[in-house]
1. Once the convex hull of the alpha carbons of region 179-297 is built, what does its volume come to per residue, in cubic angstrom?
2. What's the ranking of 143-154, 47-58 by average number of surrounding C-beta atoms within 10 Å, highest first?
3. May I ask for the distance between the Cα centers of region 154-211 and region 46-109, given as a whole number of Å?
4. What is the distance, in nm, between label points placed 7 Å from the Cα along the Cα-to-Cβ direction at residue 295 and at residue 171?
5. Quick check on the chain: helices-only [θ] at 222 nm, where DSSP H runs of length 4 and up contribute -39,500 (n - 2.57) each and the sum goes over total residues. Nearest 500, please.
6. At a Förster distance of 25 Å, what's the computed FRET efficiency of residue 194 paired with residue 270, Cβ-Cβ distance as r, to 0.05?
7. Could you work out the relative contact order of the chain? I mean the mean sequence separation of Cα pairs under 8 Å and 6+ apart, divided by the number of residues, in percent.
8. Rg to Rh for region 30-86: what is it, with Cα atoms only and Rh by Kirkwood?
Amino acid sequence: MNLMNKCNICPRKCNADRENGKGFCGAGNKAIVARASLHKWEEPCISYKNGAGTVFFSGCNLHCCFCQNNQISNELFGKEISDQKLADIFLSLQDMGADNIDLVTPTHFADNIIKALDLVKHRLNIPVIYNCGGYELCETISLLDGYIDIYLPDIKYYSSEISQKYSNAPDYFEIASKAVSTMIKQTGELTYNSEGGLIKGTVIRHLVLPSHRHDSMKIIEWIAENTTPKNVIVSIMNQFTPFDFISDEYSELKRRVTKMEYNSVVNYAAELGLNGFTQQKSSASEEYVPDFDLTGI
């Protein structure tokens, strides 16, 4: 299988020849990785013991204007590696005691990931997580069936105006809602091990943005109406950080989320009967952004 001759891996469908050039994501035909290490700051059911075995991929199909991982998502810092090297990294993380293999921003490298997992999946005894921005094609998710144990998608925006402004993706919610529904159908009921670690299922993340709590509440409504607590965990994030690189064009993003904004979304989720996780306000700090220093590559 080679999905990169005329790339339609993601909803951008840029048709780039990634064997000889680069796609909208900024990547060619080799995976680009900025860090591979144990990470203890994921949700409690993901980083429950030694930490998630995170593999941070560079490039992105969204290029959000506020991305906390801007150095790798937009600036593409990282190292190109072979599919065999990627497979070796998976095994190395397992040997380090990783709770899982946590593939961070993996969408544009789905082809490489499948090939790498084909080499070592029979040797992995920990779950594989697809930790993505939610902007996925259902067809790509279907290709990942049997490879991915846990989906960890964002649902970032409900309003097409907001998704156009911040991610140049007016069809974001239409696409993401279908993709997440496909993920849930694929993973089925949430399943845990004896230590409380999630080994199969879907966790939906949502980052509350300054001035956009009502958009967040629309997303919460959709989750409540289209999922069940036995199939989905919801993680409402409070870690938005107004980095200096955010353009003055987005002046509303030049501040942190207020306690009122965040709590209104959390309380609404509780009213609608959703189960999941919340974050302390202290999580909105640059200290929680990993050092992208090619560790583990």
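Values in this text are rule-based calculations from the coordinates and carry no lab data. Computed from a predicted structure; not experimentally measured. A quick note on method: Cβ atoms are made from the backbone with ideal geometry, for glycine too, and the neighbour counts reach across all protein chains shown.
1. Values: hull volume 19.3 nm³, N = 119.
That works out to 162 Å³ per residue.
2. Details: 143-154: 20.1, 47-58: 23.7.
In descending order of packing, they fall as 47-58, 143-154.
3. Centre-to-centre distance over Cα atoms comes out at 18 Å.
4. Modelled inter-label distance: 3.9 nm.
5. Details: 8 runs with 85 residues, N = 297.
Result for the chain: -8500 deg cm²/dmol, rounded to the nearest 500.
6. Values: r = 28 Å, r/R0 = 1.13.
Here the calculated transfer efficiency is 0.30.
7. Working: 621 pairs, mean separation 51.2, N = 297.
Relative CO of the chain lands at 17 percent.
8. Details: Rg = 12.7 Å, Rh = 12.4 Å.
With Rg and the Kirkwood Rh in hand, the quotient comes to 1.03.
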